[in-house]
Amino acid sequence: MLVDGKWTEDWQPVQKADDQGRFVRQVSSFRHWITPDGRPGPTGEGGFRAEAGRYRLYVALICPWASRALMARALKGLQALIPVTVVNPVLTDQGWRFGGYPGADDDPLFGAGHIHELYTRADPRFTGRATVPVLWDMATGRLVNNESADILRMLDTAFEELVPSDLRLYPQDLAAGIDALNPRLYDLLNNGVYKAGFATTQAAYDEAVAGVFEMLDALEDQLTGDFLFGDRLTESDIRAFVTLIRFDAAYHGLFKTNRRAIAAYPRLSAYLRRMLALPGVRDTVNMDHIVAGYYSIKALNPTGIRPVGPDHVAALLAGD
């Protein structure tokens, strides 16, 4: 990680744990918002006006948090406005790096070798982990935001004057329900699989796994329509999908969340097929990057051996 702008130690999956061995995730540091007129958003400074071609999104296709942003970009039709740079899925001792893997890009702006170089370009004294997604302002050379929840929500509304859309991922009439579901979805499932995989005590693992399957059971029960809120796609569906699509191929084995596979849930399985059929969503899922990335985590898989399956995930992505 970076300490006062200097790379100080090899990348580790767990930078912090509480006194019970529970994995603790770093809080995002850059929280500016793109808005239609450049005024400040809910957090951060102003000056980031929605403009075509001004912003670049840096992502890892392994990463569910980055894939949230990619999905919003696709569903809102913003591909032509916001270019994307994909990093290498294989985690190195210096974290995310550019190039060197099929489907991974070199850094087109600065020729950086690793994502952490963008962080120190944005803040020469930065301390913390260099995470993705990164939303970068190419006009001013500033890191706008590295919090996927913020990026998901700003892409929903900021560019409406440039690319009008009938889709609203955070509609006001469903806001209360979304706001109630999202924290549980994050704590028990999105971050819950990581809390299970990176637990350093049996008690922390047992607690995390119980939460994961509590949430999966609840989602299975909630899916009485096409999406989590009936027939309307919302940001909660994006939050759920990015974890569900990785579950059987990565979390079930590597993170030891193996009580049941998603394939054992009829409604969740059908839900994944519906989500993948939405315009642009399938293009945000690269299972080769996902498997390569997760199974490159030396602390969990020191031999680096990649599993060959499961076959049902390949069939799902092929549309079978």
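The values are calculated or read from the model by the stated rules, or taken from the named source; none is laboratory data. Keep in mind it's a predicted model, so treat the numbers as computed, not measured. Backbone-built Cβ (ideal geometry, glycine too); neighbour counts: all protein chains shown. These accessible areas exclude ligands, DNA and RNA; they are computed on the full protein's heavy atoms, side chains included. Shrake-Rupley method; radii C 1.70, N 1.55, O 1.52, S 1.80 Å.
Taken over the range 157-172, residues that are more than 18 Å from R54 (Cβ to Cβ) and either buried (at least 19 other Cβ atoms within 10 Å of the Cβ) or in contact with a Ser or Thr (Cβ under 6 Å, 6 or more places away or on another chain) (or both) amount to 1.
Matching residues to (1) surrounded by 22 or more Cβ atoms within 10 Å (Cβ to Cβ); (2) under 19 Å from I178 (Cβ atoms); (3) out of contact with any Pro (no Cβ under 6 Å at 6 or more places or on another chain); (4) hydroxyl-bearing (S, T, Y):
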position: V212; (1), (2), (3), (4): yes, no, yes, no
position: D221; (1), (2), (3), (4): no, yes, yes, no
position: G225; (1), (2), (3), (4): no, yes, yes, no
position: G230; (1), (2), (3), (4): no, yes, yes, no
position: E235; (1), (2), (3), (4): yes, yes, yes, no
position: I238; (1), (2), (3), (4): yes, yes, yes, no
position: T243; (1), (2), (3), (4): yes, yes, no, yes
position: A250; (1), (2), (3), (4): yes, no, yes, no
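Do the conditions hold for L135, that is, is it within 25 Å of Y265 (Cβ to Cβ) and crowded, with 18+ Cβ neighbours inside 10 Å? Judged against the criteria, L135 is not a match. Scanning the range 301-320 for residues that are open to solvent by 70 Å² or more (accessible area, probe 1.4 Å), in contact with a helix residue (DSSP H, G or I) (Cβ under 7 Å, 6 or more places away or on another chain) and part of a loop (DSSP other than H, G, I, E, B) yields a single hit, R306. When the range 138-156 is filtered for residues that are of a type in the set (V, I, T) and open to solvent by 10 Å² or more (accessible area, probe 1.4 Å), only T140 remains. D283 satisfies every condition listed in (1) touching a residue at least 40 places away in the same chain (Cβ under 8 Å); (2) more than 19 Å from the chain's Cα centre (by Cα); (3) assigned to a helix (DSSP H, G or I) except (2). Residues in the range 209-257 that are within 23 Å of P133 (Cβ to Cβ) and small (G, A, S): 4 in all. Per this entry, D217 is counted among residues that are out of contact with any His (no Cβ under 7 Å at 6 or more places or on another chain), of a type outside the set (A, V, I, L, M), closer than 26 Å to A72 by Cα and free of Cβ contacts under 8 Å to residues at least 24 places away in the same chain. Counted as qualifying within the range 77-196 are the helices (runs of 4 or more DSSP H) with 2 or more residues that are polar (S, T, N, Q), namely 148-157.
For the range 35-76, the set of residues classified as open to solvent by less than 20 Å² (accessible area, probe 1.4 Å), under 14 Å from M154 (Cα atoms) and in a loop (DSSP other than H, G, I, E, B) consists of G38, F48, A50, K76, listed by residue number.
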